[in-house]
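This report refers to the structure that appears directly beneath it.
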Amino acid sequence: MNVSCSFGGDSVVQAKLSSVPIVYSPKYKISVFGMEKFHPFDIAKYDKIYKGLKNDGYVTKHTVIDPAEVTAEEMLLVHTKEYLKSLKKTKNVAHYLEAPQLRVIPNSMLDNMLVSRFRKASGGTIEAARCALKSPKKMAFNLGGGFHHAKPSSGEGFCIIADVPIAIRVLQKENLIKRALVIDTDIHQGNGTIVCLQDDPTTYTFSMHEGGIYPMPKESGDEDVELAGGVTDTEYLKTLQGKLDGMFAKSKPDIVFHVAGCDALDGDPLASGKMTHEGIAMRDAMILAACKKHGVPYVMTLSGGYSKDAWEAQYKSIRSLLEAEVE
């Protein structure tokens, strides 16, 4: 069931639920005969975050916004026809997802088990953006998405649909926005997003990432900040704070997409950051505060995070942002 953006209500719980739109579907979750457990990405983190927010009273299955899947027409605003055709073959998708064990999936089962899940979460990014533009709070969360390694004609890094660039193109086509800013704080550079939006004066890509790790070589976005390995909360937040006003001044956005990966956490197996849960929450609050300061709607997508506590860090951060919005 699709639930459109609506605001209002008179109970305390309803105030929480209605103050900030939350987009999510259980269909975001991938289940491939249990093989997904062997991939470094915890695909169950979307469910864990949703259940945590549900237990806190911020969302229920009746009030969460269940998005439509991104359509082929919408995907073609960014991806090539040839690439979308390639997503019908298991061998290609297994390669893009860097999970060769998935080759055992019959082509006939591929769309239902895998590709449609990415389409659903990508549709969630579009819906969250529309909600952020309508919401009195000027913010919305997609409890998924942020597939920032997907490129127009290829997928990689567990990303096969470029949801944020697609959402930008959809909003532009609908005349809802003219300009967009992407703030990517995943510790891995958002190389796919950069390629999708390269040489486009209506968009501005900011990526703050660790040097010397995937992807290599890096792409050249509008603004790239390379961090040394082992970055701490203090170092990270000081660097980010020094960049925010400048990127808003340069980009003059109508909307901000925050690709809020939390793989800068201490203990993440695919990076060497030393950030804490508190640091991730402060980072997200800092970006939202900048959006409010500049009067720009904010959209969060979850993106990466590979430590066992990645879901918890993002859950705590989102809960903290929601708590601050309760009147």
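The values are calculated or read from the model by the stated rules, or taken from the named source; none is laboratory data. Nothing here was measured: the structure is a model prediction, and the numbers come from that model. Virtual Cβ from ideal backbone geometry, glycine too; neighbours counted across all protein chains shown.
Where residues in the range 83-137 are in contact (Cβ under 8 Å) with a residue 60 or more places away in the chain and touching a Pro at 6+ places or on another chain (Cβ under 6 Å), which of them is surrounded by the fewest Cβ atoms within 10 Å (Cβ to Cβ)?
Ranking the candidates gives L133 first.
Among the candidates D263, D268, D224, which residue alone is under 20 Å from the mean Cα position of the chain (by Cα) and over 27 Å from L143 (Cβ atoms)?
D224
Identify, from the list M286, M300, M247, M282, the residue that is in a strand (DSSP E or B), under 22 Å from H188 (Cβ atoms) and of a type outside the set (D, E, K, R).
On the way: M286 fails: in a strand (DSSP E or B); M247 fails: in a strand (DSSP E or B); M282 fails: in a strand (DSSP E or B).
Only one candidate qualifies: M300.
Quick one: how many residues across the range 41-60 are within 13 Å of K308 (Cβ to Cβ) and either of a type in the set (A, V, I, L, M, F, W, C) or outside any helix (DSSP H, G or I) (or both)?
Our first condition is that a residue be within 13 Å of K308 (Cβ to Cβ); within the range 41-60, this holds for 41-42, 44-45, 48.
Still in the list and also either of a type in the set (A, V, I, L, M, F, W, C) or outside any helix (DSSP H, G or I) (or both): 41-42, 44.
Here the count works out to 3.
For the range 171-218, give me the residue count where each residue is closer than 15 Å to F147 by Cβ and hydrophobic (A, V, I, L, M, F, W, C).
Selection size over the range 171-218: 5.
Check F41 against each of (1) more than 18 Å from the chain's Cα centre (by Cα); (2) hydrophobic (A, V, I, L, M, F, W, C); (3) modelled with pLDDT under 95 and name the one condition it does not meet.
Only one criterion is unmet by F41, namely (1).
Among the residues of the range 218-227, are any of a type outside the set (S, T, N, Q) and within 20 Å of I22 (Cα to Cα)?
Taking every residue of the range 218-227 in turn, none turns out to be of a type outside the set (S, T, N, Q) and within 20 Å of I22 (Cα to Cα).
I'd like to know if the range 131-154 contains one or more residues that are at pLDDT below 95 and not small (G, A, S). Explain how you work it out, then say what you get.
As a first pass, look at the range 131-154 and keep what is at pLDDT below 95: 135-137.
Next, from what is left, pick out any that are not small (G, A, S): 136-137.
Checking the range 131-154: at least one residue is at pLDDT below 95 and not small (G, A, S).
Within the range 2-25, does at least one residue satisfy the condition of being surrounded by 18 or more Cβ atoms within 10 Å (Cβ to Cβ), part of a helix (DSSP H, G or I) and at pLDDT 90 or above?
Taking every residue of the range 2-25 in turn, none turns out to be surrounded by 18 or more Cβ atoms within 10 Å (Cβ to Cβ), part of a helix (DSSP H, G or I) and at pLDDT 90 or above.
Which of (1) under 20 Å from the mean Cα position of the chain (by Cα); (2) over 24 Å from Q198 (Cα atoms) does P253 not meet, given it meets every other one?
Result: P253 passes all but (2).
Which residue pairs have Cβ atoms under 6 Å apart, sit 6 or more places apart or on different chains, and have a first residue in the range 181-210 that is touching a residue at least 12 places away in the same chain (Cβ under 8 Å) and small (G, A, S) and a second that is crowded, with 24+ Cβ neighbours inside 10 Å and assigned to a loop (DSSP other than H, G, I, E, B)?
G190/H148; G192/H148; G192/H149; G192/A150; G192/A162; S207/Q189; S207/G190
Given the conditions (1) exposed (fewer than 15 other Cβ atoms within 10 Å of the Cβ); (2) under 21 Å from the mean Cα position of the chain (by Cα), which single one is not true for G242?
(2)
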